[in-house]
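Enquirer: The structure's right below; bear with me while I get my questions together.
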Amino acid sequence: MEIERKFLPDLNSLPFKPEDYPCRKIEQGYLCTSPVVRIRRDNKSFFLTYKSKGLMVREEYNLPLTQEAYEHLKPKIDGRLIQKKRYVIPLDGGLALELDIFEDSLAPLVIAEIEFPDEESANSFVAPAWLGEDVTMSPLYHNSTLSKI
């Protein structure tokens, strides 16, 4: 189960420099968007992911892929291939902020995601102002939607 909230931060308003944290290069494409079936390269790891419908709470299953399987499926994606840099910033309470800085045709989009252990903690989270607009309930900011724009 994935329980996450999404925000639209302004890079110039962050109280930290993303470059001070580890960066992963992510490339992902969608074989289907309803339900979501995604392939992803995360640095040198490869995955096939299924996500159910939903906004803040969704089922999510990740299966490992070989690089060969990923490369075989990549030409079969619908829409654009998404490329982004992901910085993971630790937050209080054991939470982590995943800051995605999109590249190529989706630049200069930046989305911040925070995953929560349960719905109660997600609903009670008070976001600092620097996180920007809360877009958790907008399907427009799902990567599967962005792949079709």
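Rule-based calculations on the coordinates, nothing more; no lab input. Note that this is a predicted model, so its numbers are computed, not measured. Quick reminder, even Gly has a Cβ in these numbers, built from the backbone with ideal geometry, and neighbours come from all protein chains shown.
Enquirer: When the chain is fully extended, how far beyond the present Cα-Cα distance does Asp42 get from Leu95, taking 0.36 nm per residue of separation?
Expert: 17.0 nm
Enquirer: Calculate, for Trp130 and Met1, the FRET efficiency according to 1/(1 + (r/R0)^6) with r their C-beta to C-beta distance and R0 30 Å; round to the nearest 0.05. List each step's numbers first, then the result.
Expert: On the way: r = 28 Å, r/R0 = 0.93.
FRET efficiency, Trp130 to Met1: 0.60.
Enquirer: Rounded to the nearest angstrom and ordered from largest down, what semi-axes does the equivalent ellipsoid of region 62-149 get from its C-alpha gyration tensor (root of 5λ)?
Expert: Value: 27, 17, 13 Å, ordered largest first.
Enquirer: Continuing with this model, one more query. Which residue, Glu98, Glu120, Glu71, tops the fluctuation ranking in a GNM of the chain built on C-alpha contacts under 10 Å?
Expert: Looking only at Glu98, Glu120, Glu71, the largest GNM fluctuation is found for Glu120.
Enquirer: Can you give the Rg and Dmax of the chain based on its C-alpha atoms, in angstrom?
Expert: 15.1, 43
Enquirer: Once you mark the trypsin sites (Lys or Arg not before Pro) that are in a DSSP loop and have at most 14 other Cβ atoms within 10 Å, what is the longest gap between them in the chain? The partial results should precede the final answer.
Expert: On the way: sites that count: Lys44, Lys53, Lys148.
Formally, the longest exposed-site-free interval is 54-147.
Enquirer: Now for a different question. Any idea what % of Cα-Cα pairs in region 4-60 are farther than 16 Å?
Expert: For region 4-60, the fraction of Cα-Cα distances above 16 Å is 63 percent.
Enquirer: Would you mind pulling out the separation of the Cα centroids of region 62-80 and region 96-142, in Å?
Expert: 25 Å
Enquirer: Taking the Cβ-Cβ separation of Ala107 and Asp20 as r and a Förster radius of 30 Å, what is the calculated FRET efficiency to the nearest 0.05? Spell out each step's value before the answer.
Expert: Details: r = 21 Å, r/R0 = 0.70.
My answer for the efficiency is 0.90.
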